[in-house]
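Notes follow the structure.
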Amino acid sequence: MALRPSSDTTTERDDPALDTDVRPEGHASQAAPDASAWSGRGGAAPALKPVEFSRWIWRQLTSMRTALILLLLLAIAAIPGSIVPQERVDPSAVFLFKDDHPRLAPLFERIGMFDVYSSIWFSAIYLLLMVSLLGCIVPRLRVYARAVRRLPPKAPRNLSRLTAYDTWTTDEPVDVAAERARSLLRSARCRVRVLDEAPGGDVVVSAEKGYLREAGNLLFHCAVVAVLVGVAVTGLLGFKGSASVIAGQGFSNTVIQYDEFTPGASFDEATLAPFTFTVKDFDVRWEREGAGRGTPLTFDADLSVTDEPGATPYDYNLRVNYPLKVDGTSVFLVGHGYAPRVTVRDGRGNVAFSGPVVFLPQDGSFVSYGVVKAPDASPTQLGFEGYFFPTASLCDGQPCSTFPDADNPVLSLLAYRGDLGVDSGEPRSVYVLDKEDLQQFTTPGGNPRALLLRVGDKAMLDGGAGSITFDGYDRWVRLQISKAPGKVVPLVGVLAAIVGLLGSLFVRPRRTWVRVRSTGGRTVVEVAALDRVSGGDPVAHVADLASALRPPVAASGADRPAQQEDHR
Amino acid sequence: MTETLATLSNNTLYSATVVYALAMLAHVAEWAMAHRLPADVSPAGRGQRSALVPSGASSASVGGEAPPAVAPAPVASEEEVERSDRYGRIGLALTVLGLLLHAVGVVSRGTAAERVPWGSMYEFSITGSLAVAVAYVFLVRRYRIRWLGLLVTGFLLAVLGIALLVLYRPVAPLVPALHSYWLAIHVSAAAIAGGAFTVGALASVLYLLRDRLEAKAAAQPALPRRGFLWRTPAALDIDRVAYRVHAFAFPLWTFAVLAGAIWAEYAWGRYWGWDPKEVWALITWVVYAAYLHARATAGWQGRAAAYVALLGYATFIFNFVGINLFGSGLHAYSGL
């Protein structure tokens, strides 16, 4: 049942004859010699010459015990990343977390809590695990390469000491009986060797099967390494990005068109596939009745795609689970939202801003938050922030949305004047209003003045500062665009790992011996079997074998090999 | 039609819960009746052990220090043994009946929704517990693990009860991300693996109980060996069953995670994104991998390995309950 190679089993395999009449459990208690190497003899460590010391370290690292502890450590180390928000998974949640925990955040930042899976300590654990893994596999591969070429082991001197044992006497000549045993075991897909123990005397047929257990074991561990390497390489060569595109607008695959763009360390931006597409239409439907009211039913976007400049555009219906693939790059529909269309006029009556603005949905009711900036307004710049309610209503006196579809769209905004801070050259998020140099429009009582707008409504700002009109709304889609070359490597790796796992868990190595010797003119046949792992039934196996090999009493031997099917 | 089927589903699931409860009571009676029965030391046991321990060598390890020699075990009267055993058989029969009702409940729920019934926490619970029941009944046939009956029926009763009373949601359509045949592949693999993990964990619990009992008896040979626990297979054999069930579940769990990754690639544009559910699936995988290794590591075999298995099960359950209810992330399909 050794899933993982360990150095002690290798010694056992090196000398297969040694263990034949000892533990029926096969390699059950391994790693013991390893442990005694340092904890035994009063606990004194060996003399620490550099070479010996490093060898000692190596042996510790590649021991099963260390691997086990590293595995458990890895499990523990993975936990924080599922509790603390992660920079790569949800940057906005990280932002909120830092806001909520000002004292904890710097500490967390320092120990990589917001990016656990690339932190030093997490990497250290899995790299050590990988080294430990390789340190086991490589020597074990060598041993296995030798073992598969080796012939089945000689028989123990005293077969009757084995639990699974049977013997009988027959009149068959020695060589005939031995030959029948050989062909039977051969047809049971064993590796067989026939040995004359003494000239003209005993003949022993040794058979072994179940080599695939160790092969599966090694395959599994190699495949795990391949998966880890494959994942790392895929991450290096690819990229991941996201973009929000308003229905009716287009997207061309260049870095500036992305909201977020995370290239792998070895990704060359010049290799971005030069495709473009237009989101012609976006359709979304929600369940309107019953228990699932408000559950999204379908959403899909109609795209017109051009693979490269000059190519003929074609239509593609983009849905969840049905990504668009262009030249190794995949475009996924991962979300959607509302983009209210507004027109902002400044104090002079000029249009300072007009068009749809992406608002971010806050929850399943699609109450959406967003910011409108009109830097071109004069005499002062104007800014707005607030919420879009698709089906506006009042819940406990607070505005809310009772349905995600736009049945009663209302825009609720707070207005500001002053300096938006967009001219400083510093990058500003389009979703954040920097209020440092802004002054809020208030009611005469000094409270913030909320502008509540239905479609077509226009709100005048105090002091002739301008106005804002809610013209309607568009929908936008959130697209995830990524390229992960070589992702087939981890895929094949995991499949190979599963195959290997099945082999290493369910193949049971078994050795069978048939000794035939002639005594006083008759032939004595002994059959014995030994399982190298528990769980099999060598006694039944020997019984089957015996009933097939015993000379026929009445019936002919024609149907005997059929019984061999039961051996497993 | 949908209404009728949904009602049928609810009714059969309520009935299944009641039947499981009765099955559990029968197993309680089985334990109680065995209270005064001495340890079952005959080599073949009640036919339970022979299936597990084919060879003489393994029987020798049963009970460790040759129990028959220590205290001349009073031989139980046929009648007493039969009485306990009868309740055990009733328990199993009721469990099978409950399983049938349970299966009808799950299937009609799916038919009512016109999809696989895996769209909310309620549906995951009824399906997952069905997998547990199926795994148990299958293993009773295969390895004669009826001694696990009390723990399994107790588990089924608890899960179905909680599902019906707390998690219940009427039939609702699937969210778009679940519109994929990978839902069937990914969730069925996870559910079957989960069913096997559950049976494995319960077997590990029983192993720990029995092992403690054996250790105590070894320390105090005079202690009477009575009660149901003494009539289960030896700790070593229970442990072996637990191992086999885990060994079956682990590759399947690997596959479930893989199928999830492939699906995630289609649905979300990345095959692995450290979503909390993904992280915990990996943690479960790693802990069970540690369990399989622990069984082959000196100093970790036996109790320690069993604790690692239970730890693995705890991570599995946390992923199902904790992450669904309290977690954020993309796998938020609890419907609560």
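The values are calculated or read from the model by the stated rules, or taken from the named source; none is laboratory data. Keep in mind the model is a prediction, meaning the values are calculated, not measured. Glycine gets a Cβ as well: all are built from the backbone with ideal geometry, and neighbour counts include every protein chain shown.
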Filtering the stretch A:467-509 for residues that are part of a strand (DSSP E or B), under 30 Å from A:Phe267 (Cα atoms) and not small (Gly, Ala, Ser) leaves a count of 7
Going through the stretch A:412-435 in order, the residues found to be in contact with an Asp or Glu (Cβ under 8 Å, 6 or more places away or on another chain) and either part of a loop (DSSP other than H, G, I, E, B) or closer than 26 Å to A:Gly292 by Cα (or both) are A:Asp419, A:Leu420, A:Gly421, A:Arg428, A:Leu433
Expected output for the stretch B:87-114 (first residue farther than 14 Å from B:Tyr14 by Cα, partner basic (Lys, Arg) and in a helix (DSSP H, G or I), Cβ below 6 Å, 6+ apart or cross-chain) is B:Gly88/B:Arg146; B:Leu92/B:Arg146
Residue count, the stretch B:129-150, condition buried (at least 21 other Cβ atoms within 10 Å of the Cβ) and assigned to a helix (DSSP H, G or I), comes to 13
Only one of A:Ala540, A:Ala528 is touching a Pro at 6+ places or on another chain (Cβ under 9 Å), among the small types (Gly, Ala, Ser) and in a strand (DSSP E or B), namely A:Ala528
Checking A:Ser29, A:Ser39 in turn, the sole residue that is modelled with pLDDT under 85 and exposed (fewer than 13 other Cβ atoms within 10 Å of the Cβ) turns out to be A:Ser39
Condition set of a type in the set (S, T, N, Q) and in a helix (DSSP H, G or I), scope the stretch B:90-128, selection surrounded by the fewest Cβ atoms within 10 Å (Cβ to Cβ): answer is B:Thr111
When the stretch A:163-214 is checked residue by residue, the ones that are within 24 Å of A:Ser504 (Cβ to Cβ) and surrounded by fewer than 19 Cβ atoms within 10 Å (Cβ to Cβ) are A:Arg189, A:Arg191, A:Tyr211, A:Leu212
Of the residues in the stretch A:245-275, those that are of a type in the set (A, V, I, L, M, F, W, C) and in a strand (DSSP E or B) number 4
By residue number, the members of the stretch A:157-206 that are part of a helix (DSSP H, G or I) and within 14 Å of chain B (Cβ to nearest Cβ) are A:Ser160, A:Arg161
When restricted to B:Arg244, B:Arg270, the only residue under 21 Å from the mean Cα position of the chain (by Cα) and charged (D, E, K, R) is B:Arg244
Looking across the stretch A:291-312 at residues that are facing chain B (nearest Cβ under 7 Å) and in contact with a Lys or Arg (Cβ under 8 Å, 6 or more places away or on another chain), the single one that is modelled with the lowest pLDDT is A:Ala291
Of the candidates B:Val321, B:Val245, the one satisfying the condition of being in a helix (DSSP H, G or I), touching a Leu at 6+ places or on another chain (Cβ under 9 Å) and more than 10 Å from every other protein chain (Cβ to nearest Cβ) is B:Val245
In the stretch B:178-227, anything among the charged types (D, E, K, R) and either crowded, with 18+ Cβ neighbours inside 10 Å or touching a Cys at 6+ places or on another chain (Cβ under 9 Å) (or both) is listed as B:Arg210, B:Asp211, B:Glu214, B:Arg225
Taking the stretch A:295-341 and keeping residues of a type in the set (D, E, K, R) and over 19 Å from A:Arg475 (Cβ atoms) leaves A:Asp307, A:Glu308, A:Lys325, A:Asp327
Condition met for A:Arg517 (within 13 Å of chain B (Cβ to nearest Cβ) and surrounded by 16 or more Cβ atoms within 10 Å (Cβ to Cβ))
no
Over the stretch A:314-361, the set of residues under 24 Å from A:Thr276 (Cβ atoms), away from chain B (no Cβ under 13 Å) and free of Cβ contacts under 8 Å to residues at least 12 places away in the same chain is A:Tyr314
Taking first residues from the stretch A:463-491 that are on the phi > 0 side of the Ramachandran plot and second residues anywhere that are charged (D, E, K, R), the pairs with Cβ under 7 Å that are 6 or more apart or on different chains are A:Gly466/A:Arg345; A:Gly466/A:Asp346; A:Gly472/A:Arg341
